[in-house]
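**Q** I have a structure I would like to understand better, so I am pasting it below and will then ask my questions one at a time.
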Amino acid sequence: MRRLGYVAAKRLALETLGWTLVVLGIAALFLPGPGLLTLFAGMVVLSQQYEWFEKRVDPVKRVALEGASRGVQTWPRITASVLGVAWLVGLGIYWGQHPPAPQWWPLDPAWWFIGGWVTGGSLIGSGLIGLVLIVYSIRRFRGNPYDHEVETERERERHAARHREREERRRARHDVTSGRRPHPAASPTGPGVASD
């Protein structure tokens, strides 16, 4: 019973994290921030829970990783990305301080930098996520550009292995519920291995 509670709590936590990242990623596609990579991260988390997400991860992953790889192949691009992060964090700090509206502002002063530290904090957070992703991209792709063909082959192998694991778990559950002995491939000790 305790194991069931752990599994349910883990699933809830992963789904909450995944959907949060997906929503933030979609928002960041239109707002400042690393939208495509955040969306991809959320889809990867959700693909652990939903098989239909697995099929939709690859196209987003390819576009996100190709962009990340191109962005760190030259120092001018890296510098531009870091300056963009610095601008985003600076804007967040400025926004959070909620400066008074200038004389030329045509709307109600309450609409000037609306949201205060809530909006400013989200901009700062987006900038910090962007910085982490820049560092990750430099470590992963600098001098070793993303190769879609190699990654596609690796993905096929991972999907096939994941599919085999799911089938083995299904077979083992079916064997347990029907009262049969588990299939050797589904046994945790494996075929030919003695157990206590």
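**Q** Once you place label points 7 Å from the Cα toward the Cβ at residue 140 and residue 162, how far apart are they in nm?
**A** So the two model labels end up 1.5 nm from each other.
**Q** Please tell me the relative contact order of segment 1-118 in percent, rounded to the nearest whole number, where contacts are Cα pairs under 8 Å and at least six residues apart. Walk me through the numbers on the way to the answer.
**A** Details: 97 pairs, mean separation 17.8, N = 118.
The normalised contact order for segment 1-118 reaches 15 percent.
**Q** May I pose another question? Using the heavy atoms of the protein chains and a 1.4 angstrom probe, tell me the accessible area per residue for the chain in square angstrom.
**A** The answer is 68 Å² per residue.
**Q** Here is a further query. Please find the FRET efficiency linking residue 15 to residue 132, where r is the Cβ-Cβ separation and R0 is fixed at 25 Å, and quote it to the nearest 0.05. Walk me through the numbers before you get to the answer.
**A** Numbers: r = 23 Å, r/R0 = 0.91.
Computed FRET efficiency for residue 15 and residue 132 comes out at 0.65.
**Q** Taking 0.36 nm per residue of sequence separation and subtracting the Cα-Cα distance, how much length would be gained by fully extending the chain between residue 83 and residue 107, in nm to one decimal?
**A** On the way: separation 24, 0.36 × 24 = 8.64 nm, distance 3.09 nm.
Result: 5.6 nm gained on full extension.
**Q** In the chain, what percent of the accessible surface is made up of carbon and sulfur (1.4 Å probe, ligands and nucleic acids excluded)?
**A** Working: 8670 of 13420 Å².
That share works out to 65 percent.
**Q** Compute the acute angle (0 to 90°) between the alpha-carbon long axis of helix 75-96 and the principal axis of greatest extent of the alpha-carbon atoms of the chain; round to the nearest 10°.
**A** Its long axis makes an angle of about 70 degrees.
**Q** Using a Förster distance of 35 Å, how high is the FRET efficiency between residue 149 and residue 51, based on the Cβ-Cβ distance and rounded to 0.05? If you can, show how the numbers build up before the last one.
**A** Working: r = 24 Å, r/R0 = 0.70.
Efficiency computed from Cβ-Cβ geometry: 0.90.
The values are calculated or read from the model by the stated rules, or taken from the named source; none is laboratory data. Nothing here was measured: the structure is a model prediction, and the numbers come from that model. So basically every Cβ, Gly included, is an ideal-geometry build from the backbone, and we count neighbours across all protein chains shown. These area figures cover heavy atoms from the full protein model, side chains too; ligands, DNA and RNA do not enter into them. Shrake-Rupley method; radii C 1.70, N 1.55, O 1.52, S 1.80 Å.
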